[in-house]
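Participant: Encoded as structure tokens, here's the structure I'll be asking about.
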Amino acid sequence: MNETQFGVRHIIGAPIATTRLAEQAIVCIPPRAAKFTLGEWKLSNDQRCRNTEDQQQLADRVLSESERVRDETAERAAIMKATSDRRIEERIGDVEFNKNELQIQRKEICLELEALSVYKTRLQDCLASLETNALTICRKCLMLRDGRIGIDLVVDDVEHALQREITTILGGQSLLKRALEQLNEQMRRLRSTRYLLDRDLQYKQAAIDSDKGSLSLKPTDLCLSIYEGFANLDPANISAEEYNAYSAKNIQLAAREVTSARPIRVFIDTLLNQVIDDLWAAYNKCNHEFNERIKETKGAKAKLEDMHRETTQKITEMQNNILQLQKALSDKEGNVALAHTRLGRRAQRVGAELVRDPPGQALYYECEMLRHSVKQLQQMLHEATASLRYLLQTQIQLEEDINVKMNTLKIDEVDCMTLRATMDYHAY
């Protein structure tokens, strides 16, 4: 009997069971399967063959389709990569073109800022010169002219000209300060625009570097990675039209700022020339008034000196006249004494000799005439003494006036004109 009927399974290399039948467990044997017919067997084999052939044909179609799909996807990937590379290159070209335009505008802004810096320095130098030089000198001239004394402390044309020159200087300073404020505002706007251009250039350079880096990548590079996140890989929310409009806006803004800055330079040139011309006109007018005043003062001083010389001469003549009058009075005293002595002696005549005769009348007339002459001489001596006193007072007054004129000439011709010779106006 078969060993499997007694629960013993013979396996090559396995130990042979030596247990008895009574010691084995009872095993349920399933019913035997129904047998197939020969036709079913052939049908099953034919069907299996047909299925195999169908599967092989399907596999062939799948293989050919897979090869076609592989070739198609490879070609499509190559085309898409070439298209992407071309688009990236075009994008790099567009960004570089915009970058070059921005760099041109940035260079224009830098050049304009340098030019405006020069104009700013010119304005600052002109303002500093007006404040420390011209205005200080004009005010010092007014202060020095307050040192005039006497009748020469007068509000003349020179003082009016100095006041007008100070007004012109202050007006020029006001115009230059307003121009400087406008210049600073324009420079601030240019710097702001340059900052925007620098930031845009930085972004564009970063985009160019990124695109060039992406363009240099190959599918076989080891640094590639597949994104497995859930966020969108294309976070861009700006359209190409908006980007072009933004770049064009920055370029137009820079061009507009540069264009608006250039008229300021022309305006500053015109303003500086106009202010300097006005200052030179006021300066020349004031110098003309100074020269006229100095000329008038010199004329008055020369006239006073001539009068002083004539007065001194008159004083000398008057002193000689007084001496002569005094000598004449002394001489008249002898004549009067002689006439009185003669009359006295003739008055001592006696008898009929005491007669009023012509000699007596002549002596009496001589005495009267001598008394009248002495009176005239005394009157003239008194008048001459008073005239001498007045001449001496006049001489002193003339000397004082001459000293006043000399002081005025020192202030106007020496002090003020020396200071004004250091004044200089130019357009810087």
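The values are calculated or read from the model by the stated rules, or taken from the named source; none is laboratory data. Quick caveat, the model's predicted, so the values are computed rather than measured. The protein model used for the area step is the full one, side chains on, heavy atoms only, and it has no ligands, DNA or RNA in it. Shrake-Rupley method; radii C 1.70, N 1.55, O 1.52, S 1.80 Å.
Participant: Given the Cα-Cα distance of residue 209 and residue 221 and 0.36 nm per residue of separation, how much length would full extension add, in nm?
Facilitator: On the way: separation 12, 0.36 × 12 = 4.32 nm, distance 1.82 nm.
Length difference between fully extended and current span is 2.5 nm.
Participant: Within the accessible area of the stretch 116-251, what % is carbon and sulfur when the probe is 1.4 Å and the other protein chains stay in place? Write down the numbers at each step before the final one.
Facilitator: Details: 4790 of 8500 Å².
That share works out to 56 percent.
Participant: Additional query: Working with all protein chains in place, sort 198, 209 by solvent-accessible area computed with a 1.4 Å probe, largest first.
Facilitator: Listed by decreasing accessible area, they come as 209, 198.
Participant: State, to one decimal in nm², a quarter of the convex hull surface area for the C-alpha atoms of the stretch 183-226, i.e. the direction-averaged projected area. Could the numbers behind the result be given before it?
Facilitator: Details: hull surface 15.7 nm².
Spelled out: convex hull of the Cα atoms, projected over all directions, averaged, 3.9 nm².
Participant: Once the whole set of protein chains is in place, how much accessible area is left on residue 368, using a 1.4 Å probe, in Å² to the nearest 10?
Facilitator: That residue has around 60 Å² of solvent-accessible surface.
Participant: For the stretch 136-246, place one equal point scatterer on every Cα, skip the solvent, and apply the Debye formula. What is log10 of I(q)/I(0) at q = 0.13, 0.18, 0.21, 0.24 Å⁻¹?
Facilitator: -0.82, -1.07, -1.20, -1.29
Participant: Further question on the same structure: Can you give me the Kirkwood hydrodynamic radius for the chain, using every pair of distinct Cα atoms, in Å to one decimal?
Facilitator: Values: mean 1/r = 0.0264 Å⁻¹.
Taking every pair of different Cα atoms in the chain, averaging 1/r and inverting gives 37.9 Å.
Participant: Taking the alpha-carbon distance from residue 405 and a cut-off under 28 Å, which lysines remain once sequence neighbours fewer than 8 residues away in the same chain are dropped?
Facilitator: Here the lysines satisfying the reach criterion relative to residue 405 are 140, 285, 295, 298, 301, 303, 314.
Participant: Give the ranking of 398, 175 by solvent-accessible surface, highest area first, calculated with a 1.4 Å probe.
Facilitator: Values: 398 10, 175 65 Å².
Listed by decreasing accessible area, they come as 175, 398.
Participant: How large is the convex hull of the Cα atoms of the stretch 121-167 per residue, expressed in Å³ as a whole number? Numbers along the way, then the final one.
Facilitator: Numbers: hull volume 2.4 nm³, N = 47.
Spread over its residues, the Cα hull of the stretch 121-167 gives 51 Å³ apiece.
Participant: What is the spread of the Cα atoms of the stretch 175-327 along each of their three principal axes, largest first, in whole Å?
Facilitator: Here the spans come out as 146, 30, 25 Å, largest first.
Participant: Quick one: compute a quarter of the convex hull surface over the Cα atoms of the stretch 76-205 and quote it in nm². Let's see the in-between values first.
Facilitator: Details: hull surface 39.2 nm².
Mean shadow area of the hull around the Cα atoms is 9.8 nm².
Participant: Not counting ligands, DNA or RNA, and with a 1.4 Å probe, what is residue 155's accessible surface area in Å² rounded to the nearest 10?
Facilitator: About 100 Å², rounded to the nearest 10.
Participant: Quantify how much of the Cα-Cα distance distribution of the stretch 89-166 extends past 20 Å, in percent.
Facilitator: On the way: 1891 of 3003 pairs.
Value for the stretch 89-166 (Cα pairs over 20 Å): 63 percent.
Participant: Separate question: Keeping all protein chains in place and using 1.4 angstrom, which order do 49, 223, 110, 141 fall into by accessible surface area, from largest down?
Facilitator: Working: 49 75, 223 100, 110 30, 141 0 Å².
Greatest to least solvent exposure: 223, 49, 110, 141.
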